[in-house]
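Engineer: One structure coming up, written as structure tokens, with questions to follow.
What follows draws every value from the coordinates through simple rules; no lab data is involved. Everything quoted here is computed from the prediction, not taken from an experiment. So basically every Cβ, Gly included, is an ideal-geometry build from the backbone, and we count neighbours across all protein chains shown.
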Amino acid sequence: MIVSLFLTFAKIGLFTFGGGYAMIAIIEDICVEKKKWITHDEMMDITVIAEATPGPIAINCATFVGYRQKGIWGAISATFGVVLPSFIIIYLISIFLDNFIEIAWIANAFKGIRAAVGILILDAGINMFKKMKKKILSCLIMACSFVAMLLISVFAWNFSSIFLMLIAALVSIVVFIIQGVPSEKGGGK
């Protein structure tokens, strides 16, 4: 199982361009749908927690899935698997090519990859939205965040997405405090 975790996440790390957000759809497809290592709800929770904690989201996801399957050694194996391919590729590039990005066909390839990464991120967002429990507050926060990020991007405002997450968290906490703790009806479970 530890070798399977390493190989699975090494494959994800090797064949996914664009960073952690682009990897979310691939991680979900493999770990939830194909291998059934985690549930979809766990994947949604992992994504939210991985985004809010320090470090790349794909590494945080790999660490959690590995830990869930085989404890600390599973976490180490999955994390090492997702990191190793990128490390080796970047290391080799740094050794052999001084002006790697200045090569015309490589620069053009990266432009194409950038477009594909945007589509992968959009696909992950749409899939998460489809499977999300539709509550008014969740949908409202998501819509406002989307509009805010779009405006920030279009007008090139200097505003961090971390502040948007903090604002969304603050709104959720205020609503929770106003509504109060939900009472358990019909006895305890």
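Engineer: Please work out, to two decimal places, the log10 of the ratio I(q)/I(0) at q = 0.18, 0.19 Å⁻¹ from a Debye calculation in which every Cα of the range 58-189 carries one identical scatterer.
Structural biologist: -1.25, -1.25
Engineer: Sticking with the crude label model, points 7 Å out along Cα→Cβ, report the distance from residue 15 to residue 122 in nm, one decimal please.
Structural biologist: Rounded to a tenth, the inter-label distance reads 2.3 nm.
Engineer: Using only helices, what value at 222 nm comes out for the chain when you add -39,500 (n - 2.57) per DSSP H run of length 4 or more and divide by the total residues, to the nearest 500 deg cm²/dmol?
Structural biologist: Helices in the chain give a 222 nm mean residue ellipticity of -26000 deg cm²/dmol.
Engineer: How much length is gained on full extension from residue 136 to residue 162, taking 0.36 nm per residue of separation minus their Cα-Cα distance?
Structural biologist: Gain in length upon complete extension: 7.1 nm.
Engineer: Also, quick follow-up: Kindly list the residues of the range 99-125 that lie in the label zone of residue 51, defined by a backbone N under 19 Å from the point 7 Å along the Cα-to-C-beta vector.
Structural biologist: 117-125
Engineer: Take every Cα pair under 8 Å in the chain that's 6+ residues apart, average their separations, divide by the length, and report that relative contact order as a whole percent.
Structural biologist: It rounds to 23 percent for the chain.
Engineer: For the range 2-132, just list the percent of Cα-Cα distances falling in each 10 Å bin from zero outward, please.
Structural biologist: Taking every Cα pair in the range 2-132, the percentages come to 13, 41, 31, 13, 2.
Engineer: Relative to the longest principal axis of the C-alpha atoms of the chain, give the angle of the C-alpha long axis of helix 104-131, reported between 0 and 90° and rounded to the nearest 10°.
Structural biologist: So the helix axis and the longest Cα principal axis differ by about 20 degrees.
Engineer: Moving on. Which is farthest toward the positive dipole end of the chain among 91, 112, 71, measuring Cα position about the Cα centre, with Cβ charges +1 (Lys, Arg) and -1 (Asp, Glu)?
Structural biologist: With unit charges placed on the Cβ atoms, the residue in question is 71.
Engineer: Hey, what angle do you get for helix 40-52 against the long axis of the chain, alpha-carbon based, 0 to 90 degrees rounded to 10?
Structural biologist: Once rounded, the angle reads 70 degrees.
Engineer: Any of 34/133; 11/35; 111/133; 11/130; 11/36; 70/131 with alpha carbons more than 25 Å apart? Name them for me.
Structural biologist: Result: 111/133; 11/130; 70/131 exceed 25 Å.
Engineer: Right, next: Please give the per residue volume of the convex hull enclosing the alpha carbon atoms of the range 90-145, rounded to a whole number of Å³.
Structural biologist: 122 Å³
Engineer: Hey, rough spin-label estimate for residue 144 and residue 90, points 7 angstrom out along Cα→Cβ, what's it come to in nanometres?
Structural biologist: Here the modelled spin labels are 3.6 nm apart.
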